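Asks: This structure is in structure tokens; I'll ask about it shortly.
The values are calculated or read from the model by the stated rules, or taken from the named source; none is laboratory data. Everything quoted here is computed from the prediction, not taken from an experiment. Quick reminder, even Gly has a Cβ in these numbers, built from the backbone with ideal geometry, and neighbours come from all protein chains shown.
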Amino acid sequence: MTNHPLLARCLAVGLLWLSPSLATGQAATIEQERIARFARLALACATQEYPNLIHHTMDSDDQIGAPRQLTPSFYGCYDWHSAVHGHWLLARAARLHPQADFATDARAVLAQNLRADKLLSEAAYLSHPLRQGFERPYGLAWLLQLAAELDEWDDPQARQWRLALRPLEQIAVERLSSWIPKLHYPIRIGEHSQTAFAFGLIWDYANRANNQVLRSIIEDAGNRFYRNDRQCPLNYEPSGHDFLSPCLAEADFMRRLLAPSEFAEWLSGFAPNLNDKGALPVGVVTDRADGKLAHIDGLNISRAWMLEGIVSGLPADDPRVAALTELARQHADSGLAGVSDEHYAGGHWLGSFALYLLSKRGLPSD
């Protein structure tokens, strides 16, 4: 083989042109290697109790306890919601790649933590009257995504875990169904409390579960909060700790509610400059060892899948498709480069966002 770099590149391109299946096979291998890396991140933290950030409301000394005692299923990965979507990652990765090396380990962790007795303890914890707002809406929305993932997995073990999850799932549905109609204003921040992102996850769950009541609640909220929105201030994004885009999350949710022609018209009023060059630059991460500053890697990843979602909601011939697709690619490249085990600040949760993007979760073909 030649040592001339330009000639070697030309030969490589020529080989791929002669054999497109080779390029496809290489891409599939790279994707599987990435997913294996993300699964290892979740495996490493699912049963790692410390460090731990507890959001724990209590009314007596009797309720003091270690994380594994308070929430025995979802006590790892630094905080409750990260543990929940870490288990979602393991379930999705093992379902989509059952023969992969990590699948056996993923099943073992799921079997250990999604036991009926542990999940009943989780349900009892959430049922406490002082915890009405616990993990609302972000953690509860991810819990429903975990339920949906298990529901889609045609596997005897997964069916056991799905059944064991039902008491906790029911509490989440009841809490959200009670809270959302009382919510008079949307929550537009770029972190956990944001409503638009949670509504997207909940909507997808409601469709999978055929829960028409919950679906109706989410549709009503979307129309109340977002249908008449115009001129979303993209130039105000991102805030320094964002891992979700307020503007893109809203658009990604509304494409679920509207027909393509309606959505295209709505998007023109909501984000008229979205596909302009420089309107949405890739977020800059200055310190991946800082948990809050590392949020920007998650922002770039979630922006990527939200842009893909927006494209999927537009008519195929919409002139914005090409520019938004390229913008999604730029954000994906930057965000995925930051997913590693070098810093626990990002390593405990970014794998879930990465798999959501790479596995096209939430898109119509999913």
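Asks: Just to be sure, is Leu299 touching a His at 6+ places or on another chain (Cβ under 9 Å), in a helix (DSSP H, G or I) and either over 21 Å from Phe197 (Cα atoms) or assigned by TED's automatic domain parsing to the domain that holds Cys232 (or both)?
Replies: On the way: touching a His at 6+ places or on another chain (Cβ under 9 Å): yes; in a helix (DSSP H, G or I): yes; either over 21 Å from Phe197 (Cα atoms) or assigned by TED's automatic domain parsing to the domain that holds Cys232 (or both): yes.
It is true that Leu299 is touching a His at 6+ places or on another chain (Cβ under 9 Å), in a helix (DSSP H, G or I) and either over 21 Å from Phe197 (Cα atoms) or assigned by TED's automatic domain parsing to the domain that holds Cys232 (or both).
Asks: To continue, here is another question. Where in the range 51-147 are there helices (runs of 4 or more DSSP H), lying fully within it, with 3 or more residues that are free of Cβ contacts under 8 Å to residues at least 24 places away in the same chain and of a type in the set (Ser, Thr, Tyr)? Spell out how you get there, then give the answer.
Replies: On the way: elements: 67-70, 80-96, 101-113, 116-127.
Once the helices (runs of 4 or more DSSP H) in the range 51-147 are filtered for at least 3 residues that are free of Cβ contacts under 8 Å to residues at least 24 places away in the same chain and of a type in the set (Ser, Thr, Tyr), nothing remains.
Asks: Next question. Here are some conditions: (1) surrounded by fewer than 18 Cβ atoms within 10 Å (Cβ to Cβ); (2) out of contact with any His (no Cβ under 8 Å at 6 or more places or on another chain); (3) part of a loop (DSSP other than H, G, I, E, B). Asn275 meets all but one. Which one does it not meet?
Replies: Looking at each condition in turn, Asn275 falls short on (1).
Asks: Applying the selection to the range 251-262, what residues are part of a helix (DSSP H, G or I) and out of contact with any Asp or Glu (no Cβ under 7 Å at 6 or more places or on another chain)? Walk me through how you get there before you give the answer.
Replies: The first filter runs over the range 251-262 and keeps only residues part of a helix (DSSP H, G or I), leaving 251-257, 260-262.
Within the range 251-262, Ala251, Asp252, Phe253, Met254, Arg255, Arg256, Pro260, Ser261, Glu262 qualify.
Asks: Please verify whether the range 300-307 includes one or more residues that are more than 18 Å from the chain's Cα centre (by Cα) and surrounded by 14 or more Cβ atoms within 10 Å (Cβ to Cβ). Show your work before the answer.
Replies: The first filter runs over the range 300-307 and keeps only residues more than 18 Å from the chain's Cα centre (by Cα), leaving none.
No, the range 300-307 contains no residue that is more than 18 Å from the chain's Cα centre (by Cα) and surrounded by 14 or more Cβ atoms within 10 Å (Cβ to Cβ).
Asks: Which of the residues that make up the range 194-248 are of a type in the set (Phe, Trp, Tyr) and either in a helix (DSSP H, G or I) or at pLDDT below 95 (or both)? Can you show your working first?
Replies: Keep residues of the range 194-248 that are of a type in the set (Phe, Trp, Tyr), which gives 197, 199, 203, 205, 225-226, 236, 243.
Once the filter is applied, which keeps residues that are of a type in the set (Phe, Trp, Tyr) and either in a helix (DSSP H, G or I) or at pLDDT below 95 (or both), the range 194-248 yields Phe197, Phe199, Trp203, Tyr205, Phe225, Tyr226, Tyr236.
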